[in-house]
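Notes to accompany the following structure.
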């Protein structure tokens, strides 16, 4: 009896075996390959890379396979792996205006230089279940455009900035190196680079909910989607020993620049302000949410009221990480016999006193 | 049986090998520097660059980072959860270190040089040279009273702890007692208010002037702190409502101990209760001594 | 006699014409001083700057503590300022929720400052809290009730008890009667006057109402546009106002 309530080494070992068997499922069904996951579940792979803070499609696919498709568990696996990887170098800042754009839309102007480019979006698919996908089918045809897209599309916000109606987008004074939240703890007050880093790693659902709250009266953002672009971008290094830039490969990112109305304050004239979102892979929902939350977290700096959850940095940033949140919520299933025993004896004492008082004759 | 830390697949296996104790040496150095600061300022919460560990946050990531930072080849490790060596989480962490550090492990408190614990301090008195590593879910004792980290850091800096006594005052006004039974706040070295981690208050007196070094790690909250050997540790109280640890009218049903912390077990469907030692090593020793 | 507070050339400039400028005055032990002006006159800015909640741009504020030690408040380190705030000052706010802990009992609210100063005897804390609840006419039987169960007037009187329990040398009050009905105001002011007099506590109170100054203050400063336009004994200002703005204020309370 006594031993039964304590876990045993054997029980843990058996649970591993059972988990592996469940992951594989019916052996009559072919096993998933990592290539299949990378190719055919690419958005799941992107999300795991994004919140896992590691751009490696192969490892993200592996994590998804090991986690049996549980995105948060896969993010956790990837994070635990990346933590021990050595830092070989720091890349130069990404230049998103040099992106090889696969999609680019603006909600603020009907037409923009370079045009609106829909790209591979599900926005206009009418969301009818496509039963033809239930069985393997021939590869869908995709026609090539007559002319290639321009090499470089200017940012829509730069056009407004030229008119002086957009706040300047400057690095902080003295341009200090940004904090690295994977190496240093998040401290408050957190500057914008630290906040953006936290949001870029943050859980998509959390950011989406916070962003949504700003649109429903919990903060006043007045946002417009100035520009959303997605595509491939080169990662550049400048090794000291070489003295010139080298291209070490390309990654896919999604960038969202929100434009927000601003009535002006003691230190700034009426103008548009910015909210910024940048994430690995294709994820407009996350990039847009990030941009809305980034802007609402600037409330204090811009002299706006700061009463809403999405305007409070400690609230928004301390609860954004799915690995932290999931671990702490689920730690409640660990044994708490000792604490519970302490509470049980306390409640019994209080209850006995309560009952004694109830029974005492009133005077 | 699945090996969770084996190389993920054949074509990846040459990419890397785990360092001794899982963490790389630079991370260990960062942790040791933070620990030195913690020892120098007893009870002060040192922010540190907590790493993501292959264990969920809230399950002892702070504890395993501290253990990984101080463990050496000669160490003998004991891991307990709720006082027991064979609870699932304790087993998991002990296996982790056996695997990534290859050190000897033990369940005998006296034989251990390093003890990682969740929620208990062993009944066997600790000795000089031993290190206790506590897993801490919430390092900030003022957190439930003041949510803002900016504000609580100020309260510590200025030693403004009136708020904590307000809580204790309210307990007595409402219940006639201080209604905190575990994670009972302590004043370390007459300076910093600290959480002893969620140990029952029964264990608080063991912290006072202990010959062992006590290290506390909160991975999710990215804070660590320490109580060096022989440091004064006072459990908060009022002069006319002094600190009082739990006690039981029963003795352990297995070993007969009347001075150890007891777990209550529901022994059958009729709800019959049994009380047994939460410290499994202590219980075993008592039974062996009796035979 | 040495003043407990000497203010010279104090300036807090928001850069948009708002703030307070060229403020000079002295305050003596046990004296009640009212700063009167309409909203935007800079009176609340002045109070917050004096209490160290806002950083001054120029000038000096010298405070003498119980041991006659002088502290230059505009250059005080935060640790020292907080120590003075705990041991030598009180601060009564317009809204009770800013000055009280609404989720703990009245007894805990009154005891907090004593505990912050090191009192560790529950029985004595409780006795002191009960005594002060009697003094502010709330009654010791309400010791374990939370402030949210109190009326507005009681909440303000609880703030008085919470601040005066440690017998501070100086209490700042920011429009403490602002949210109260006229009849409730009078009782609050009467009680405040008695308690600060009996305990020889100096008060600087900000109010938009010259009538409050008439009931409470030995001396009054009248502010307009961030500057003191008239200062003197309250009776003198009421009987013979010199500045046109003061004349306007006086005529409005005489009509009331």
Note on the stretch B:29-58: residues more than 8 Å from every other protein chain (Cβ to nearest Cβ) and in contact (Cβ under 8 Å) with a residue 60 or more places away in the chain are B:31, B:34, B:35, B:38, B:39, B:41, B:42, B:43, B:44, B:45, B:46
Looking across the stretch B:117-132 at residues that are under 8 Å from the mean Cα position of the chain (by Cα) and outside any loop (DSSP other than H, G, I, E, B), the single one that is surrounded by the most Cβ atoms within 10 Å (Cβ to Cβ) is B:118
Counting only helices (runs of 4 or more DSSP H) wholly inside the stretch A:145-261, the ones holding at least 2 residues that are modelled with pLDDT under 90 and under 30 Å from residue B:151 (Cβ atoms) are none
Filtering the stretch C:226-252 for residues that are at positive phi and touching a helix residue (DSSP H, G or I) at 6+ places or on another chain (Cβ under 9 Å) leaves a count of 1
Self-check item: residue B:179 vs. criteria at pLDDT below 95, more than 19 Å from the chain's Cα centre (by Cα) and facing chain A (nearest Cβ under 10 Å)
Solution: yes
- Task: Within the stretch A:337-357, identify whether any single residue is within 12 Å of chain B (Cβ to nearest Cβ) and under 29 Å from residue A:223 (Cβ atoms), and answer yes or no.
- Result: no
Across (1) under 20 Å from residue A:349 (Cα atoms); (2) part of a loop (DSSP other than H, G, I, E, B); (3) at pLDDT below 90, residue B:269 clears everything bar (1)
| query | Do we have any residue at all in the stretch A:67-90 that's more than 14 Å from chain B (Cβ to nearest Cβ) and under 22 Å from residue A:180 (Cα atoms)? | reply | yes
Exactly one of A:329, A:279, A:293 is in contact with a helix residue (DSSP H, G or I) (Cβ under 8 Å, 6 or more places away or on another chain) and either farther than 25 Å from residue B:147 by Cα or within 14 Å of chain B (Cβ to nearest Cβ) (or both), and that one is A:279
Kindly check whether there is at least one residue in the stretch A:312-326 that is within 14 Å of chain B (Cβ to nearest Cβ), more than 12 Å from the chain's Cα centre (by Cα), surrounded by 21 or more Cβ atoms within 10 Å (Cβ to Cβ) and touching a residue at least 40 places away in the same chain (Cβ under 8 Å). yes
Please determine whether any residue of the stretch C:99-113 is outside any strand (DSSP E or B), farther than 23 Å from residue C:192 by Cβ and within 12 Å of chain B (Cβ to nearest Cβ).
yes
For the stretch C:34-71, the count of residues that are under 24 Å from residue C:197 (Cβ atoms) and touching a helix residue (DSSP H, G or I) at 6+ places or on another chain (Cβ under 9 Å) equals 8
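Let's see how each residue does on (1) within 11 Å of chain A (Cβ to nearest Cβ); (2) not in a strand (DSSP E or B):
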position: B:205; (1), (2): no, yes
position: B:214; (1), (2): no, no
position: B:224; (1), (2): yes, no
position: B:248; (1), (2): yes, yes
position: B:254; (1), (2): yes, yes
position: B:259; (1), (2): no, yes
Of the residues in the stretch B:31-50, those that are more than 18 Å from residue A:331 (Cβ to Cβ) and at pLDDT below 95 come to B:49
- Message: Checking the structure you have, find out if any residue of the stretch C:146-161 is within 12 Å of chain B (Cβ to nearest Cβ) and farther than 19 Å from residue C:197 by Cα.
- Response: yes
Notebook entry, point to check: Taking the condition surrounded by 17 or more Cβ atoms within 10 Å (Cβ to Cβ) and either within 12 Å of chain B (Cβ to nearest Cβ) or at pLDDT 95 or above (or both), does residue A:36 pass?
Noted result: no
The residue from A:107, A:115 that alone is away from chain B (no Cβ under 14 Å), farther than 24 Å from residue A:48 by Cβ, free of Cβ contacts under 8 Å to residues at least 24 places away in the same chain and in a loop (DSSP other than H, G, I, E, B) is A:115
Margin query: Considering only the stretch B:153-171, I want to know if a residue exists there that is more than 8 Å from every other protein chain (Cβ to nearest Cβ), touching a strand residue (DSSP E or B) at 6+ places or on another chain (Cβ under 8 Å), assigned to a loop (DSSP other than H, G, I, E, B) and closer than 29 Å to residue A:334 by Cα.
Written below: no
I'd like to know if the stretch C:142-150 contains one or more residues that are part of a helix (DSSP H, G or I) and surrounded by 21 or more Cβ atoms within 10 Å (Cβ to Cβ). yes
Of the residues in the stretch B:226-244 that are in a loop (DSSP other than H, G, I, E, B) and touching a helix residue (DSSP H, G or I) at 6+ places or on another chain (Cβ under 9 Å), the one that is modelled with the lowest pLDDT is B:244
Matching residues in the stretch B:80-94 (part of a loop (DSSP other than H, G, I, E, B) and more than 7 Å from every other protein chain (Cβ to nearest Cβ)) number 1
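The values are calculated or read from the model by the stated rules, or taken from the named source; none is laboratory data. Bear in mind that the values here come from a model prediction, so they are computed numbers and not experimental data. No Cβ is skipped: glycine too gets one built from the backbone with ideal geometry, and neighbour counts run over all protein chains shown.
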